[in-house]
Amino acid sequence: MIAAIVFLPLLGAVIAGFFGRLIGARGAQLVTSVLLVVAAVLSWIVFLGVADHEGGVQKLHLMTWILSGALEVDWALRVDTLTAVMLVVVNSVSALVHIYSVGYMAEDPHIPRFHAYLSLFTFAMLMLVTADNFVQVFFGWEGVGLASYLLIGFWYKKPSANAAAIKAFVVNRVGDFGFALGIFAIFLVFNNLSFDAVFAAAGSEAGKTFNFLGYDVDILTTICLLLFVGCMGKSAQLGLHTWLPDAMEGPTPVSALIHAATMVTAGVFLVARCSPLFEHAPFALEVVTVVGATTAFFAATVGLVQNDIKRVIAYSTCSQLGYMFFAAGVGAYEASVFHLFTHAFFKALLFLGAGSVIHAMHHEQDMRHMGGTWKYIKLTYAMMWIGNLALAGVPPFAGFFSKDMILEVAYAAHTGVGNYAFTLGIIAAGFTAFYSWRLLFMTFHGEKRWGGHGHGDHGHDDHGHGHTPHESPWVMTIPLLALAVGAMFAGYVFFDDFVGEGREAFWGGAIFVSEANKVIEHAHHVPEWVKLLPLVVTALGIFVAWVFYIARPRWPAALAATHREAYAFLLNKWYFDELYNLVFVGGARALGRLFWKGGDGLIIDGLGPNGISARVLDVARRAVRLQSGFVYHYAFAMLIGVAVLVSWYVYKMGVTP
């Protein structure tokens, strides 16, 4: 069963990719979708078995992969509770995205290639979450990066899509460099890359240091920080987040797959998987907390003013990932994975709902060109309400249970970084409610502002004429209904297993928590105002959005004009892209020009072939001047030559006059 779950998506990718022309677009859609549905059903069977406390660690050895000296790496599939959770998330969302894409990509001429990429992406993610060692994780990690590059740049004729794909690939390589260094360090310290061996020996390395540039540096802290750099890239944390919004250039189903359940959650999964290392590296956990909390706040502020419907949801993803990380940073790995689990349903619902809106609006993505659409696409409107209620953490929707638990564990940590995370998390919760209802009100309510403004989410522009919005076909709305069920009930149904009284039996050792770490237990006993505060700020955010975009729709423009600098700062995403262009892109160009002109041109070529050839030409030009055509010039030159020859002879032979 485990092998089928992992390799069915690969089989679908091979069939659609290599035999797509033979079986046609409909055949590729059918094969890949059916195989993913089967994998999703099997994943739920495995997960429910774990939830019934029939779990433990299961391993399926496939082969010996690497055998070189002391390095021995097996290719094995590891299934425990953490893996089972990820299998459900990845395969469920991927299966629904495959089905949704049948309708959404109906006009695209390259359907087999698209579905092959989707299935390949899913396989790479499954390899990552079922890995039994760090090399196998890295294989899946890089496979996800490759597949995301192919999917983001799927419409390769669009320059913006190509640029976004390259940007995602390059930014992730920065993080992956740190991840690779972390793996090297693990092998250097533990002489092993298997999870079981490394985690069992982690306690013996706690507190040990090594000397680096005259400083004694903690070994496990260094390893964890290097691993976290990789997590920051893959999960778009502050500093390595710039690829995430640009990834919206890919088709909307790709956005749902990447931002809901798969690529961006890989970093959160890795921190949870490596909890035996992080639990012995408290400083690394503090860094994780600060970075996560700052990211949650940063992305929420940027989401306040974005006008592209997909970019608003993308920054929401970035912010929610920050929540997951600071939960892990305070030691509540279970709460972090719980939010990962619930977030997959409501964020996929929001992205696919946005795709349904874009489909209805003939590929329009700018919310300023929407409005008054709810009466035309009532089902999509209802689905977006459910997604936003879950995202904002309104009870009894899924986000309420997981996000509030995260805020409670941050408060219950009673540490400086915990208080920092709690404060920024509360502020971000209010901002989340505001931009979520801003999206709803601008898209579905108010005056009609649509007609002839599309800019081509399908890889082509609008044809210059208006279209009345229309509801999406059933093949697109059924996945929305399925995700809505998860967004409504996943938090309530699984709360006790993930973070409640049944958590120890549910997790079964898949996540290591030290005996001193009681943060989740303490979170259940925080003051009542801590539990109520998120609801208060959420209600306030919704109310302000209603005032700005329903009651007083002229206020936002007036406020933006009054505070032009602040508005531009948020609209331009804190100028991170401009800063990176100035420092890294501009710096790289300046350095390259220096090496090109100064090093290669002036030194190497100047003293080498160009310099030698130039000197030969100079000598030749001077020699040419001797060819004057006058006989007395030649005779004089001959006399000079004879004089030089005689002088040399006399000097050499020592002859005296």
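The values are calculated or read from the model by the stated rules, or taken from the named source; none is laboratory data. No experiment lies behind these values; they were computed from the predicted model shown. Glycine gets a Cβ as well: all are built from the backbone with ideal geometry, and neighbour counts include every protein chain shown. Remember, those area values only see protein heavy atoms, side chains included, never the ligands or the DNA or RNA. Shrake-Rupley method; radii C 1.70, N 1.55, O 1.52, S 1.80 Å.
What residue, of Gly230, Gly203, is in a helix (DSSP H, G or I), crowded, with 18+ Cβ neighbours inside 10 Å and not aliphatic (A, V, I, L, M)? Only one candidate qualifies: Gly230.
Check His458, His463, His453, His470 and return the single one that is in contact with a strand residue (DSSP E or B) (Cβ under 7 Å, 6 or more places away or on another chain) and at pLDDT below 95. After ruling out the rest, the residue left standing is His453.
Residues in the stretch 328-372 that are part of a loop (DSSP other than H, G, I, E, B) and crowded, with 24+ Cβ neighbours inside 10 Å: Val330, Gly331, Ala332, Met361, Glu364, Met370. Apart from one condition, Gly606 fits all of (1) part of a helix (DSSP H, G or I); (2) within 32 Å of the chain's Cα centre (by Cα); (3) surrounded by 13 or more Cβ atoms within 10 Å (Cβ to Cβ); the exception is (2).
Checking the stated criteria, Pro553 turns out to be surrounded by 14 or more Cβ atoms within 10 Å (Cβ to Cβ), farther than 21 Å from Ala300 by Cβ and either at pLDDT below 90 or not β-branched (Val, Ile, Thr) (or both). Residues in the stretch 389-446 that are part of a helix (DSSP H, G or I), small (Gly, Ala, Ser) and either more than 29 Å from His369 (Cα to Cα) or open to solvent by 20 Å² or more (accessible area, probe 1.4 Å) (or both): 9 in all. The numbered conditions (1) over 21 Å from Ile258 (Cα atoms); (2) in contact (Cβ under 8 Å) with a residue 40 or more places away in the chain are all true for Ala344 except (1). From Ala206, Ala202, Ala180, which residue is modelled with pLDDT of 90 or more and touching a His at 6+ places or on another chain (Cβ under 7 Å)? From the options Ala206, Ala202, Ala180, the qualifying one is Ala202.
Could you tell me whether Trp507 is farther than 30 Å from Ile99 by Cβ, open to solvent by 60 Å² or more (accessible area, probe 1.4 Å) and out of contact with any Gly (no Cβ under 8 Å at 6 or more places or on another chain)? Considered against the rule, which asks whether it is farther than 30 Å from Ile99 by Cβ, open to solvent by 60 Å² or more (accessible area, probe 1.4 Å) and out of contact with any Gly (no Cβ under 8 Å at 6 or more places or on another chain), Trp507 comes out as no. Among the residues of the stretch 174-195, those identified as surrounded by fewer than 16 Cβ atoms within 10 Å (Cβ to Cβ) and without any contact (Cβ under 8 Å) to a residue 24 or more places away in the chain are Phe184, Leu188. Scanning the stretch 237-294 for residues that are out of contact with any helix residue (DSSP H, G or I) (no Cβ under 6 Å at 6 or more places or on another chain), surrounded by fewer than 23 Cβ atoms within 10 Å (Cβ to Cβ) and part of a helix (DSSP H, G or I) yields a count of 4.
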